[in-house]
């Protein structure tokens, strides 16, 4: 009788193992084909910068890409940026003073993807002086 029980137990283990491998393979296939963006290379966006600060700005670096100098209301040429988000890290000089702005994080944000986008650099006056930031401009704003 022990032999029949052992045989039944081994048969159950073999069945369990085969089912487990099949389920695991199915889950992996779903992950590979349902979420193709997880295995794709980051997309490159073509971005430019619009100086909407009211003052000339120098040494503009947005998303680690240099954009140089822009007079007020001037718009730069497009440049490729990988992993561009609606808000971008910004560094610039105004009147020989350097300003930096870094978004808190990109949690919940999706990259812009392929296409042409314009970042608006804006100035906001605060009690301690001006602050500058950069975000995607709604093309209907201007």
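Here, each number is a calculation from the coordinates, and none is a lab measurement. What you see is a predicted model; the values in this text were computed from it and never measured. Ideal geometry is used to build each Cβ from the backbone, glycine not excepted, and the neighbour counts take in all protein chains shown.
When Rg and Dmax are taken over the Cα atoms of the range 91-134, they come to 13.4, 39 Å.
Taken over the range 61-120, the ratio of Cα radius of gyration to 2.2 N^0.38 Å equals 1.19. Sorting 46, 102 by the number of Cβ atoms found within 10 Å of their own Cβ, with the fewest placed first, yields 102, 46.
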